[in-house]
1. Using only Cα atoms, what Kirkwood radius does chain A have, in angstroms?
2. Using Cα atoms only, what is the angle between the long axis of helix B:57-71 and the major principal axis of chain B, expressed in degrees (0 to 90) to the nearest 10?
3. Just checking the output field for A:31-39: average partner chain Cβ neighbours within 10 Å of each residue's Cβ?
4. Hey, fewest Cβ within 10 Å first, where do A:57, B:1 land in order?
5. When the chain is fully extended, how far beyond the present Cα-Cα distance does residue A:12 get from residue A:53, taking 0.36 nm per residue of separation?
6. Please report the relative contact order for chain A, taking Cα pairs under 8 Å with a sequence separation of at least 6, and give it as a percent rounded to a whole number.
7. Which distance in nm do the two modelled labels at residue B:47 and residue B:4 give, with both placed 7 Å along the Cα-to-Cβ direction?
8. What average count of beta carbons from other chains do you get within 10 Å of the Cβ of residues in B:81-88?
């Protein structure tokens, strides 16, 4: 009976290590999920004097995509966002994070503009409110302004098909 | 000798310098609070570094944010709340004491006690096994005497 003890200990450690293998330590669960989206009012990229406020999105399901021209992974996901915008299923608001307006406008001209508009977070202060740490990040916000999902890193087609789009459809169907 | 001393002084000076920007504080208490906070908070970009050690852009921004919050009279609890609301409990290098972290706080102590208990039990049973009874001792003695 005693010889079983090391075996049991070994099995227990193995189970924990096995669970750990599947987890990505760079993805930190957002405490914002299920909470009201942090509000902001920021200038709109390329529209002199125009301001965007999160208030305007009340009653709509929308995506907030935080991006920058210095972010390589943003370039990776960009074509997918353009494609998604073409489908017209959900509004994508861009948040241009700590970037230069000229570079950002150039980027949208060259690669296509999937955003209904892009808000400019020059200082990165709004990024802090959204708990932003790894560009790009994409949030799903429901009609009453609650954050429902956060995707860290470039959105892959599978993420869109399996997680984001079904969630958007579900939120669209909901009455809230 | 002078050269050696000078280089020693320089080395020590560098070692004591902050890795981050110099800032001026109203009083030493605020400076101490800033130093504790930047050491206790994790940088989300390079997750094995705290905000004090990290060179990441975000760490620079968060140091600035913490500095301005201290300047506006926020307490340590306020600032930790601010960070946890945005980045989750993961930012805290020193986890909070609550139901979810009970195992974290008490686990090592309990394991130590368990280990101590097992050690105590096993040495006790070893002792019992190894202490020979009187008859065996007498036989051993008689065997030795015969030699």
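1. Values: mean 1/r = 0.0565 Å⁻¹.
Across chain A, the inverse of the average 1/r is 17.7 Å.
2. Compared with the principal axis, the helix lies near 80 degrees.
3. Values: counts 8, 4, 1, 0, 1, 0, 0, 2, 0.
Mean partner-chain Cβ count within 10 Å for A:31-39: 2.
4. Numbers: A:57 18, B:1 5.
The most exposed by this proxy come first: B:1, A:57.
5. Details: separation 41, 0.36 × 41 = 14.76 nm, distance 5.12 nm.
Extending this stretch completely gives an extra 9.6 nm.
6. Here the relative contact order equals 27 percent.
7. 4.7
8. Per-residue shielding by partner chains comes out at 5.
None of the figures in this text is laboratory data; all of them are computed from the coordinates on show. This one's a predicted model, so the numbers in the text were calculated from it and none came from an experiment. A quick note on method: Cβ atoms are made from the backbone with ideal geometry, for glycine too, and the neighbour counts reach across all protein chains shown.
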